[in-house]
Amino acid sequence: MLRNDTGLITWVLTDGKAGDELQALSVTEALGLDPEIRRVDPKSPFDWFMPWGPIDPRERPGAPNSPLAPPFPDLLVASGRRAVAYLRFVKKATGGRTYTVFLKDPRTGPKTADLIWSPDYDRLRGPNVLNTLTPPHRVSEGRIAAARNRPDPRLAYLPHPHVAVLAGGDSRHHRFTQADIARFVEHLTAVAEAGAGLMVTASRRTPQALRDALVALTDRHGGFLWDGAGENPYADLLALADFVVATGDSFNMIGEAAVTGRPILVFEPSGGHRKLDVYMSALKAHGIVHPFEGRLEGQPYEPLNSTPKVAEAIAEGLSRHRRALGLPDLAFLLETP
């Protein structure tokens, strides 16, 4: 991997959506780099035509508070539909000197960036496209190992088996109805009454009715629910889990849980999405996920983490790119992951 003393200018470029930005940060962190976070905010009519149209001229280099203010980066990692035009702008403005990486399908073809990571469930393929089953994320195997070696004292009192509960929320494709909430809590209650220790965390998308139900559940059964106070124990929950229960509305959340090697039990709220169905089917075929119906089931598996693979592909591609341009070679900065 790349060391942090390279002197490279690195940008993470998104429109600020948490999922996109965290994925981009995950691979730059895995490379040992400290990127500048650049957030684009195109206004109408320019955002109507993205990802195919031009950048909003109000965000051009030289404009006040431009997200493209020079010096331009050596490495640009972008994600999100509205970042595509800005990546292409930088690529052209630097004459191809900037090595560009896009995470997920840009919808504008594989030539959009020098390297594209796209999940297996998308159809994008090409010589510069890396496809993996799970997305890159910030929950590294090192963080999991450290948390297992030094357990969070807030979780130490819980009985075994430990069950991490990752509650998502409403999205474009999923909705937690009152019936969904009742069914989810009923299944979790069955697990708690069988003696499991629940370790619960909610997300910013979690509807208040579901959040309140989870608070009441953990109060009744002596579980733990992170209420936002103190350090976020997310990695600790995953590290100490014997089983993981996750709601089926998030690619990233389930991908993060797969790094544990522990069975993942998925609760499906109302709605659905074809790509998420394909993703879940592939994980089921690998014995990683199982439907959550109030029982703990499944066996441990080899932990699955795509982040190092994506980071390594970026490091190797950037080194080849710089050699081709006659720039200082980065081969001596590459280390075995």
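Here are the numbers for this structure:
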| item | result |
| --- | --- |
| Selection status of residue 209, surrounded by fewer than 16 Cβ atoms within 10 Å (Cβ to Cβ) and closer than 16 Å to residue 168 by Cβ | yes |
| The one condition in (1) farther than 29 Å from residue 204 by Cα; (2) in contact with a strand residue (DSSP E or B) (Cβ under 8 Å, 6 or more places away or on another chain); (3) of a type outside the set (Ser, Thr, Tyr) that residue 25 fails to fulfil | (1) |
| Condition broken by residue 190, with the remaining ones in (1) at pLDDT 95 or above; (2) touching a helix residue (DSSP H, G or I) at 6+ places or on another chain (Cβ under 7 Å) satisfied | (2) |
| Qualifying positions in region 11-48 - of a type in the set (Ser, Thr, Tyr) and either closer than 19 Å to residue 99 by Cβ or not assigned by TED's automatic domain parsing to the domain that holds residue 84 (or both) | 14, 26, 28 |
| Residue tally, condition in contact with a helix residue (DSSP H, G or I) (Cβ under 6 Å, 6 or more places away or on another chain) and either free of Cβ contacts under 8 Å to residues at least 60 places away in the same chain or not small (Gly, Ala, Ser) (or both), over region 164-182 | 3 |
| Subset of region 84-108 (residues that are of a type in the set (A, V, I, L, M, F, W, C) and within 14 Å of residue 36 (Cβ to Cβ)) | 90 |
| Residues that are among the hydrophobic types (A, V, I, L, M, F, W, C) and either within 16 Å of residue 295 (Cβ to Cβ) or touching a strand residue (DSSP E or B) at 6+ places or on another chain (Cβ under 7 Å) (or both), drawn from region 179-204 | 184, 185, 188, 190, 191, 192, 194, 196, 198, 199, 200, 202 |
| Hits in region 242-277 (condition: out of contact with any Gly (no Cβ under 9 Å at 6 or more places or on another chain), modelled with pLDDT of 90 or more and under 21 Å from residue 136 (Cβ atoms)) | 244, 255, 256, 257, 258, 259, 260, 261 |
| Residue within region 49-57 that is out of contact with any His (no Cβ under 7 Å at 6 or more places or on another chain), in contact (Cβ under 8 Å) with a residue 40 or more places away in the chain and either among the aromatic types (Phe, Trp, Tyr) or within 17 Å of residue 102 (Cβ to Cβ) (or both) present | yes |
| Strands (runs of 3 or more DSSP E) contained entirely in region 29-129, each with at least 2 residues that are touching a helix residue (DSSP H, G or I) at 6+ places or on another chain (Cβ under 7 Å) and either buried (at least 17 other Cβ atoms within 10 Å of the Cβ) or modelled with pLDDT under 95 (or both) | 75-79, 99-103, 115-119 |
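For every residue, the table says whether it meets (1) basic (Lys, Arg); (2) touching a Ser or Thr at 6+ places or on another chain (Cβ under 9 Å); (3) farther than 29 Å from residue 25 by Cβ.
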| position | (1), (2), (3) |
| --- | --- |
| 184 | no, yes, yes |
| 189 | no, no, yes |
| 207 | no, no, no |
| 222 | no, no, yes |
| 259 | no, yes, no |
| 265 | no, no, no |
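The values are calculated or read from the model by the stated rules, or taken from the named source; none is laboratory data. Bear in mind that the values here come from a model prediction, so they are computed numbers and not experimental data. For neighbour counting, all protein chains shown are included, and Cβ atoms are generated from backbone atoms with ideal geometry for every residue, glycine included.
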